[in-house]
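Structure, as structure tokens:
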Amino acid sequence: MDGDAPAIEVRDLVKTYGSVRAVRGISFTVGQGEVFGLLGHNGAGKTTTIRVLTGRAKPTAGQAIVQGFDVTADMDRIKPLINLVFEEQNLYERFSGRENLRIFARLYGVPAARVDTLLEQVDLVAVARRKVKTYSTGMRQRLLIARALVNQPRVLFLDEPTRGLDPASARDLREMIASLGAAGTTVFLTTHDMDEADQLCHRVAFLSQGEIVALDAPRELKLRFGERRATVLLRDRHEHDIRLDDPADAARVSAWMRDDQVLTVHSREGSLEDVFVALAGRGL
Amino acid sequence: MHRRLITTIFFKDLLDAIRDARVLVAFVVPLALGLFYNVSFDNQDPGRPSVQIAYFSASPSGLPDALREVTGEGATLTFVEAADPAAVERQVSAEEQEIGLVVLAGFDAALLAGQRPTLTVIEPGEPNFDARLLTQAVGPALRTLSGQVSPAVVEVESAGVAIADSTDILGQVGFQRYSVLASMLFVIAMVTVLALPVILAEETEKRTYEALVLIAAPADVIIAKALVGFVYSLVGAGLLTVLTGLYPADPVLYVAALLALTITLTGFGLFFGGVFRNANQINTWSGILLIPIIGPVFFVGLPAPNWADALLLVLPASQAMRIALNALQGTALFGGVAAGFMVIIAWGVVAYALLSWQMRRRSR
């Protein structure tokens, strides 16, 4: 396939379940090596979109192309090129970590030596022979990542990868995702965590009720939709939250400056959560 | 269909099933039941009475052989030599033997000479069925010994296919063989309709199924599970055969019956595995699923109302039991073997049609 062709191309994708329209005609592209975030509240259509892109659900209408192949017609050619870190920790609990990886190495036709490499990569060598049911949540999540990397996928989907993890494990995982993106793997991420998306993604799309309501780089979205704010600390030790786009607040700041009342000013950039609230009218 | 994917999933499930206590219990319990039946009931064919006889003869006599000739295959006679007539009486009264015979010196020669020598038959106070059987055989045996022949030749012919009288199936097959065979079908039912759905439902419940179908097709996963069902069923049936020595007279018909039932029930098991979304639900409902499938097996050939007999004719497991009983004995205890296979196959078609419909729904 053409090296400049997008890793994922979605055109007017619709997916309905009975009378429920889970995805309502969304379109977007994801470039090769891009880390792309799909954000939205529960039931917005994120997981459905991933299900279609990974061949586990058929589109009702529209087209989805992954690595140049149509998901409806060429899923057998797509499957070896992709992998997914599931939202649930769906591992074989009565098998050891190593056995879990071996099963999937065989399924993907990958040499067994790859299992050892992955165990080292996710730092699970010491517990590789232990049954998965004895693993902590963080260890399971690392094993899930290793499993998803077993076939060295060109496109890696991650569905809420840090949900339920403690802060340290979540940070480790974000570092791993960032390094995958840096190494050229296309990463397609869904998350509730706006800070995570802001930190990891080159571009994000906001999905609300099955429709994309905004799509751009996080900074652009924050500048376009987020409120520009500042916290002003006065000499009387009172803090004031100022909206910079509000003329009345701007006049108050000017007056405090003129009267030498201002001790400090801290600007606050809008967050992706602000963007989502502005777009969808509800918090996450 | 991808062979590498199917074999990988198959071996994974084979190993996982051994590690899963629920699956192991479903496999081991009916196996243990079959072994229990095998050791608990007399190996002797219960349809063939066994008579223990205290015997004293003052001179050599052909009476034991004549009695054996008269009873033929219908009974097993065991003669226990006693030292004297008093010992015969003592053994019978002490219930060490069921009946006693005292033969005087020159008895056989006297018979042949047309004399009427005395033969003493010592019965217990309350003679049982076996003792009465021997008493009734004495008269014909003495006629044989005296050289008399039957006044007519009696030929017994069978008209058409012999249909078993439901009251004497246990008599013909023996309770031990009947119950061990029923346990064998129980093994197949437990594996296919309980263990197999548990394996599949757990895959769905834990969402590992989703991980498999990222690379495999749903059909690959289902075929692998079906193979697990076949292997465990046939291993269970094979083990029970070897451990109990229940070797059929017609092995081809026997294996065909078990195989047809396994294939059909595997279809239902896979369907149930998709209907129930978790293994606990299957455990909860397993009784209701298993009773109509395995229950009829234990009524085949036994006295039952007409409607129950009719029901047994349209159920797959009872048909498999009828065919397997025929194969076990090597005789047509039950008629309609071809119709029996048709019934089993028809249920199989229903099962796999339901499974196919379910898979199409899942892939939407």
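Rounded to the nearest 20 debye, the dipole magnitude of the protein assembly as shown is 2120 debye, with +1 charges on Lys and Arg beta carbons, -1 on Asp and Glu beta carbons, and the Cα centre as origin.
With a simple spin-label model that places each label point 7 Å from the Cα along the Cα-to-Cβ direction, the separation between residue A:240 and residue A:217 comes to 3.5 nm. Which residue, chosen from B:195, B:358, B:118, occupies the Cα position most advanced towards the positive end of the dipole of chain B, where the dipole is computed from +1 (Lys, Arg) and -1 (Asp, Glu) charges on Cβ about the Cα centre? It is B:358.
DSSP finds beta bridges in the protein assembly as shown, and of those with both partners inside it, around 55 percent are antiparallel.
Going 7 Å from the Cα of residue B:113 along its beta-carbon direction, which residues of the range B:132-153 have the amide nitrogen within less than 18 Å of the resulting point? Within reach of a label on residue B:113, which here means backbone N under 18 Å from a point 7 Å along Cα→Cβ, the range B:132-153 contributes B:145-148. DSSP finds beta bridges in the range B:50-145, and of those with both partners inside it, around 25 percent are antiparallel.
Modelled this way, with points 7 Å down the Cα-to-C-beta line, the labels at residue A:267 and residue B:14 are 6.7 nm from one another.
Straight-line cross-link partners of residue A:133 among the lysines, defined as a Cα under 27 Å from its Cα and at least 8 positions apart when in the same chain: B:12, B:206, B:225. Across the range A:190-204, coupling constants 3J(HN,Hα) worked out from phi with the 6.51/-1.76/1.60 Karplus curve, θ = phi - 60°, read 10, 7, 8, 7, 5, 5, 4, 5, 4, 6, 9, 8, 6, 9, 9 Hz, and Gly and Pro carry x. Remark: the residue B:362-residue B:339 segment gains 4.8 nm on full extension, using 0.36 nm per residue and subtracting the alpha carbon distance.
Computed from Cα atoms, the angle from the helix B:279-294 axis to the main principal axis of chain B rounds to 40 degrees.
In what order do A:9, A:239 fall by count of nearby beta-carbon atoms within 10 Å, going from fewest to most?
Ordered by Cβ neighbours within 10 Å, fewest first: A:239, A:9.
3J(HN,Hα) along the range A:247-262: x, 5, 5, 4, 5, 5, 4, 4, 5, 5, 5, 4, 8, 6, 8, 7 Hz, from the Karplus curve 6.51 cos²θ - 1.76 cosθ + 1.60 with θ = phi - 60°, whole Hz, x for Gly and Pro.
Given R₀ = 45 Å, FRET efficiency for residue A:163-residue B:239 by Cβ-Cβ distance, to 0.05? After rounding, the FRET efficiency stands at 0.45. The HN-Hα couplings worked out from phi for the range B:124-139 by the Karplus form 6.51 cos²θ - 1.76 cosθ + 1.60 (θ = phi - 60°) are x, x, 10, x, 8, 4, 5, 5, 5, 4, 5, 4, 5, 7, 4, x Hz, whole numbers, x standing for Gly and Pro. Using a Gaussian network model on chain B with a 10 Å cutoff between Cα atoms, which of B:110, B:226, B:249 fluctuates the most? Answer for the Gaussian network model of chain B: B:110.
Projecting the Cα positions of B:10, B:186, B:266 onto the charge dipole of the protein assembly as shown (unit charges on Cβ atoms of Lys, Arg, Asp and Glu, taken about the Cα centre) puts B:10 furthest along the positive direction. Residue order for A:192, A:238, fewest other beta carbons within 10 angstrom first, comes to A:238, A:192. With respect to chain B, whose longest principal axis is taken over its alpha-carbon atoms, helix B:218-244 is tilted by about 20°. Our Cα-only numbers for the protein assembly as shown put the radius of gyration and Dmax at 39.9, 155 Å.
Between residue A:179 and residue A:199, the simple spin-label model (points 7 angstrom out along Cα→Cβ) gives 1.5 nm. Less than 5 angstrom separates the built amide H of residue A:152 from none of the residues sequence-distant by 5 or more or on a different chain. Magnitude of the charge dipole for chain B, about its Cα centre and with charges confined to Cβ atoms of Lys, Arg (+1) and Asp, Glu (-1), is about 2300 debye.
Out of the DSSP beta bridges found with both residues in chain B, what percent are antiparallel (nearest 5)?
25 percent
Positive-end ranking of A:128, A:184, A:263 along the dipole of the protein assembly as shown, with charges on Cβ about the Cα centre, is headed by A:263. Between A:127, A:265, A:14, the Gaussian network model of chain A with springs among Cα atoms under 10 angstrom shows the greatest mean-square fluctuation at A:265. Of B:202, B:126, the sequence from fewest to most neighbouring Cβ atoms within 10 angstrom is B:126, B:202. Indicate the gyration tensor shape class of the range B:50-145 (rounded, prolate or oblate), computed on the Cα atoms with a ≥ b ≥ c the square roots of the eigenvalues: a/c under 1.5 is rounded; otherwise a/b larger than b/c is prolate and the rest oblate. Cα axes put the range B:50-145 in the oblate bin.
Partners of residue A:46 within straight-line reach, counting lysines whose Cα lies under 16 Å from its Cα and excluding those fewer than 8 residues away in the same chain: A:15, A:58. Once the Cα atoms are used to define both axes, helix A:137-148 deviates from the longest principal axis of chain A by about 60 degrees.
Computed over neighbours whose Cβ is under 15 Å from that of residue B:136, the net charge equals -1, Lys and Arg +1, Asp and Glu -1.
None of the figures in this text is laboratory data; all of them are computed from the coordinates on show. This one's a predicted model, so the numbers in the text were calculated from it and none came from an experiment. Note: ideal-geometry Cβ built from the backbone for every residue, glycine included; neighbour counts use all protein chains shown.
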